[in-house]
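Inspection log for the structure reproduced underneath, given as structure tokens.
The values are calculated or read from the model by the stated rules, or taken from the named source; none is laboratory data. Worth saying up front: this structure is predicted, and the values here are computed from it rather than measured. Here the Cβ positions follow ideal geometry from the backbone for every residue, glycine too, while neighbour counts run over all protein chains shown.
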Amino acid sequence: MKLVCLQENLEKALSLINKTANLKSQLPITSNVLLKTKNGEIEITGTDLENTTQAIVEGKVEKEGGILLPVKTLTEVVGALPKEQIIIETEGLIAEVKSGKYKTKISGISPSEFPEPQEEKGGQKVFIDSILTNVKTVVFAASIDEARAVLTGILIRFTKEGILVVATDGYRLSLKKIEEKRKTEELEKIIIPARILGEVAKITKEGVLSIGGLKNQAVFTLPNIKIFSRLIEGDYPAFEKIIPQSFTTKAVFDKDEVLAAVRLSSVFAREAANIVKLTLSKKGITLSANAPQVGENSCEIEGSLEGEENEIAFNSRFLLDFLTNVDAKEISFEMTGPLNPGVFKIPGDNSYLHIIMPVRVQG
């Protein structure tokens, strides 16, 4: 095999592959990447056995072939080279990487050891531009606890009227409705790993999602990239049941102002189980945190109040996740009591809501 490409093109592809390949793994398959030339294209692929990323690197193929190379070593070598032309040539299971006066040899493994992904034919294809555009406001609410695998995924439900995108970890929930006419023969619902969907959205806002039937596989086809992922199987929680249908207290406030207040309060909340208290009264809205060993903090922010005066406490990290991932000038907050879910919305936008379960505080 012999190929020629620019350093920045290969480095960009490796940065994507590194999000899938397991750099710390002792398994050769997952700690190596497959570098090969095929049909005049340079292709690099990495896998963690559940998910696979395949990228096309722009360049010139002088001789076809392939080799498995340690992803950590290859990434560090390429990253250290100048932004110039790179030549990679293999002899047996040794890859020589040359750029100007620099020359490196890396030991590899036979490419036959790598389980290359196979895209199933006859699956359903869905354009997911609108999902990728909106997933930022949802993906952060998914769980990272593999013990409840279904909660590490994002539920995508397709209807004739549009798409419903939902994520929850049991303590908070994000829901986004996308109004978009769909074809009736498309999928009803799927659960996609949140980590994968989040990474896809960082790469591009355009793509096609193909769902295969036999292997329960999702394939994201993006510009010069394909990402293969297993769909998550299982029953997603009946989230509709926890969405409050009414409120006794409603406040509207400036998002940036409350974000600044939460950030300041979180300095003290860190020493008190991350608890931040939100007090809603006719006089104003106050955020406070109290850590006896460190000190206390209180921030008053401007806002309007409708209904009863009330107070509620939340995990400050959950508040920060929500406020930093939602683009809005104002936020509305609804509640019915200190032990019931708090509902955050965007005024004038009925397509989105975020729910956080409160924290019980003494006194």
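The number of residues in the range 221-239 that are of a type in the set (S, T, Y) and closer than 15 Å to E199 by Cβ comes to 2. Scanning the range 338-352 for residues that are on the phi < 0 side of the Ramachandran plot and either outside the structural domain of A313 (by TED's automatic domain parsing) or assigned to a loop (DSSP other than H, G, I, E, B) (or both) yields a total of 5. Could you say whether any residue in the range 190-207 is over 19 Å from V135 (Cα atoms), modelled with pLDDT under 95 and not assigned by TED's automatic domain parsing to the domain that holds K345? No: the range 190-207 contains no residue that is over 19 Å from V135 (Cα atoms), modelled with pLDDT under 95 and not assigned by TED's automatic domain parsing to the domain that holds K345. Inclusion of E89 among residues that are assigned to a helix (DSSP H, G or I) and acidic (D, E) is not warranted. Checked against the criteria, K103 does not count as in contact (Cβ under 8 Å) with a residue 12 or more places away in the chain, among the basic types (K, R) and exposed (fewer than 15 other Cβ atoms within 10 Å of the Cβ). Of all the listed residues (A218, A201, A238), the sole one being touching a helix residue (DSSP H, G or I) at 6+ places or on another chain (Cβ under 6 Å) and closer than 30 Å to E146 by Cβ is A201.
None of E306, E296, E311, E334 is buried (at least 19 other Cβ atoms within 10 Å of the Cβ) and part of a strand (DSSP E or B) except E334.
None of L74, L68, L49, L35 is of a type in the set (A, V, I, L, M) and assigned to a loop (DSSP other than H, G, I, E, B) except L49. Is there any pair linking a residue in the range 319-334 that is of a type outside the set (D, E, K, R) to one that is in a loop (DSSP other than H, G, I, E, B), with Cβ under 6 Å and at least six apart or on different chains, and which? Qualifying pairs under 6 Å: N325/F140; S332/P347. Whether any residue in the range 261-277 is closer than 30 Å to L49 by Cβ and touching a Lys or Arg at 6+ places or on another chain (Cβ under 7 Å) is what I want to check. No. Restricting A273, A238, A269, A260 to residues that are buried (at least 20 other Cβ atoms within 10 Å of the Cβ), farther than 21 Å from K125 by Cβ and not hydroxyl-bearing (S, T, Y) narrows the list to A269.
For the range 160-170, filtered to residues that are surrounded by 15 or more Cβ atoms within 10 Å (Cβ to Cβ) and more than 15 Å from the chain's Cα centre (by Cα), the residue that is farthest from I242 (Cα to Cα) is G162. Scanning for something modelled with pLDDT of 95 or more, in contact with a Pro (Cβ under 7 Å, 6 or more places away or on another chain) and of a type in the set (S, T, Y), does the range 333-354 turn up at least one residue? Taking every residue of the range 333-354 in turn, at least one turns out to be modelled with pLDDT of 95 or more, in contact with a Pro (Cβ under 7 Å, 6 or more places away or on another chain) and of a type in the set (S, T, Y).
Every residue, every condition in (1) among the hydroxyl-bearing types (S, T, Y); (2) crowded, with 22+ Cβ neighbours inside 10 Å; (3) in contact with a Leu (Cβ under 8 Å, 6 or more places away or on another chain); (4) within 17 Å of I203 (Cβ to Cβ), yes or no:
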site	(1), (2), (3), (4)
S15	yes, no, no, yes
V33	no, yes, yes, no
G40	no, no, no, no
N51	no, no, no, yes
K60	no, no, yes, no
K72	no, no, yes, no
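Candidates are the residues of the range 138-153 that are free of Cβ contacts under 8 Å to residues at least 40 places away in the same chain and not in a loop (DSSP other than H, G, I, E, B); the one that is nearest to the chain's Cα centre (by Cα) is V138.
Screening the candidates V71, V61, V77 for the property of being assigned by TED's automatic domain parsing to the domain that holds N18, in contact with a Gly (Cβ under 8 Å, 6 or more places away or on another chain) and closer than 22 Å to I29 by Cβ yields one hit, V71.
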